[in-house]
Structure formats: C-alpha cells, structure tokens
Amino acid sequence: MRGVWRILCLLAAIWLLVAGSLLALRLTSSSPEKLKAYIDGHPLGGLPPPQREKVVAKTASLLNRLSGDQRQSLHGSELIPAFVRQLTPGERIFFLEKTLPADLRQFLAELKNMHPMQRRRLSRRLLARLRDNKSLAAQLIGEDDLKKLGEQGIAVYYREADPRVQEDLAPLLEELESTVKSLR
C-alpha cells in the first residue's frame, strides 16, 4: 500500500509540474491577439513618462516574442504603425532599439530559406524603397538616431547573415552603409 501512495504522489507531482509549466508558458507566450489587447488596454494618452516607457517596453517585448508567421500576420495591420505614431521621438528610438535586432534576425532567417533569385529580386525592391524613403525615415526619427539604428542593423547583419544572403544583398547593404555614412 505504501508503494501505491508513493506512485500516486509522484504522479500528482508530475501532473502539477506539467500544469504549472503549461500555465507559465501560456502567461509568457505572445500572440497578435495578446499584443492588440495589450495596446488597446494601455492607451498612452495622458500617461506620465515612466508609465509610457513601461508600456512601450512591454509592447516591444510582446512583439519580439511573436513567431515569424505571427509577425507576418501583422504586416497588413495598422496596429504597430498606429502605436508608433503615438510615441514621442525618444520613445520611437527606444521602441526601435528594442525591436530592431529581433526583426533583423527573423528577416535574415527568412532570407536564408529563400531561393537566390527571390533574394536578388527582393534586394532590388528594397533598394528602390530605401532610395525613395531616405528623407522620410530621417524626418520621423532624426538623422542622428537613424544613423545609430542603421549602424546597429548593419552590425547584426554582418554578424548573423548567411554568406549567401550577404552576397545576394550586397548592393542593398552598400546603399544602406552609404546612407548611414552620409547622415551627419
């Protein structure tokens, strides 16, 4: 009888451990719906700066924990652009510094899985967009901050991009480096 109780206690402990792990995972995981609910439930208007910073940091954290497919589902959405428009220039920089490395890592992983011809076509499209939108980005966050973010992005790219991806995106990267150097 004593052995049966030990087995039951062991099974109960294992069940509690699994249930606790599932609960912790559910509480720490992110989804587009959780991100939207958080942003909708924490409007920035009228909040003092320390609270605004906490909301911006939590939003960046939730965004960073989304999977590639979940992030992709947000691209047509106005959720993140609307949130960013509410931020002060300093908060925009803070938000970008928190989310840019994760965005770049995900982008590099997607590029690695693309066919080389797809990467080259994407490089040409991104190069055209970069040339068209240089001044817009500088107006939104300022040239100094744009330069800082560009340097950070370039460092992540060189450190983590697959050599084949680097080769296919070389013209884009050269233009990006040129743009970053030309800023003040």
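Would you point out the residue of the range 94-144, among those that are modelled with pLDDT of 80 or more and outside any helix (DSSP H, G or I), that is nearest to LEU66 (Cα to Cα)?
Selected residue: MET114.
For PRO89, are the conditions met, namely being loosely packed, with under 15 Cβ neighbours inside 10 Å, of a type outside the set (S, T, N, Q) and closer than 21 Å to GLY45 by Cβ? Give the derivation first.
Numbers: loosely packed, with under 15 Cβ neighbours inside 10 Å: yes; of a type outside the set (S, T, N, Q): yes; closer than 21 Å to GLY45 by Cβ: yes.
So PRO89 fits the description; yes.
Considering the range 67-82 alone, what residues qualify as being more than 9 Å from the chain's Cα centre (by Cα) and part of a helix (DSSP H, G or I)? First the steps, then the outcome.
Kept after step one, since they are more than 9 Å from the chain's Cα centre (by Cα), are these residues of the range 67-82: 67-70, 72-82.
Hits for the range 67-82 are GLY68, ASP69, GLN70, GLN72, SER73, LEU74, LEU79, ILE80, PRO81, ALA82.
Just to check your reading of the model, which residue among ARG105, ARG85 is farther than 23 Å from ASP144 by Cα and either of a type in the set (D, E, K, R) or more than 14 Å from the chain's Cα centre (by Cα) (or both)?
On the way: ARG85 fails: farther than 23 Å from ASP144 by Cα.
When all the criteria are applied, what remains is ARG105.
Report every pair of residues separated by at least 6 positions or lying on different chains whose Cβ atoms are under 7 Å apart, first residue within the range 109-122 and closer than 10 Å to VAL165 by Cβ and outside the structural domain of GLY68 (by TED's automatic domain parsing), second surrounded by 15 or more Cβ atoms within 10 Å (Cβ to Cβ) and among the β-branched types (Val, Ile, Thr).
Hits for this filter: LEU111/VAL165; LYS112/VAL165; ARG119/VAL165.
So if I check each of LEU104, LEU96, which one is buried (at least 17 other Cβ atoms within 10 Å of the Cβ), under 26 Å from LEU169 (Cα atoms) and out of contact with any Gly (no Cβ under 7 Å at 6 or more places or on another chain)?
Working: LEU104 fails: out of contact with any Gly (no Cβ under 7 Å at 6 or more places or on another chain).
Exactly one residue qualifies, and that residue is LEU96.
A quick yes/no check of all residues on (1) surrounded by 14 or more Cβ atoms within 10 Å (Cβ to Cβ); (2) within 21 Å of the chain's Cα centre (by Cα); (3) not in a helix (DSSP H, G or I):
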site	(1), (2), (3)
LEU146	yes, yes, no
GLY150	yes, yes, no
ILE154	yes, yes, no
TYR157	yes, yes, no
GLN166	yes, yes, no
PRO171	no, no, no
GLU175	yes, no, no
SER178	no, no, no
LYS181	no, no, no
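The values are calculated or read from the model by the stated rules, or taken from the named source; none is laboratory data. Because the structure is predicted, anything quoted here is derived from the model rather than measured. In this analysis, Cβ positions are derived from the backbone assuming ideal geometry, glycine residues included, and neighbour counts consider all displayed protein chains.
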